[in-house]
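Undergrad: Structure provided below as C-alpha cells; questions to follow.
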Amino acid sequence: MWGEFGSIGRTLIFLGIVLIALGGLFLIGGKIPWLGRLPGDLYIRRGNFSFYFPLMTSILLSLLLSLILTLFFRR
C-alpha cells in the first residue's frame with residue numbers, strides 16, 4: 001500500500017521541479033530580446049486585428065528541450 005504513495009510522491013516532486021523551471025523561464029524570457037522575434041515567426045496585422053504565432057521560436061525551443069531531455073533520460 002505505501003509503495004503506491006512513493007511513486008505519487010516522486011511524480012509530484014518531478015512536476016514541482018518542472019513548474020519551477022517553467023516559472024524561471026517565464027521570468028527570464030522577457031529579458032532575452034531576440035526570443036519571440038526570430039525570422040520565421042508569423043505576425044499579421046490588419047486594421048484592428050493582429051495575429052502573432054512564434055513558429056520559429058517554438059521549433060527552436062522544441063529542439064532545445066528535446067536535446068536536453070535526451071541527455072538526461074538516456075538509458
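Undergrad: Rounded to the nearest 0.05, what FRET efficiency do L35 and R74 give with R0 = 25 Å and r taken as the Cβ-Cβ distance? Could you check? Don't skip to the end; give the middle numbers.
TA: Values: r = 27 Å, r/R0 = 1.09.
Computed FRET efficiency for L35 and R74 comes out at 0.35.
Undergrad: Compute the angle between helix 2-29 and the longest alpha-carbon principal axis of the chain, please, reported from 0 to 90 degrees and rounded to the nearest 10.
TA: 20
Undergrad: Once the other residues with Cβ under 15 Å from the Cβ of S58 are scored (Lys, Arg +1; Asp, Glu -1), what is the net sum?
TA: Numbers: positive: R37; negative: D41.
That sum, taken over residues with Cβ under 15 Å, equals 0.
Undergrad: Rounded to the nearest 10 degrees, what's the angle between the helix 55-72 long axis and the longest principal axis of the chain, both from Cα atoms, 0 to 90?
TA: Between helix and principal axis, roughly 20 degrees.
Undergrad: Next question, about the same structure. Which label marks the calculated value of semi-axes √(5λ) of the Cα gyration tensor in Å, given the options [x] 35, 16, 12; [y] 17, 16, 10; [z] 45, 17, 11?
TA: Answer by label: [x].
Undergrad: Between the DSSP loop rule and a limit of at most 16 other Cβ atoms within 10 Å, which trypsin sites (Lys or Arg not before Pro) in the stretch 4-45 are left? Before the final figure, lay out each step's value.
TA: Working: sites: R10, K31, R37, R45; in loops: K31, R37.
Hits after loop and neighbour filter: K31, R37.
Where a number appears in this text, it was derived from the coordinates with a stated rule and is not lab data. Computed from a prediction, not measured in an experiment: that's the story for all the values here. Glycine gets a Cβ as well: all are built from the backbone with ideal geometry, and neighbour counts include every protein chain shown.
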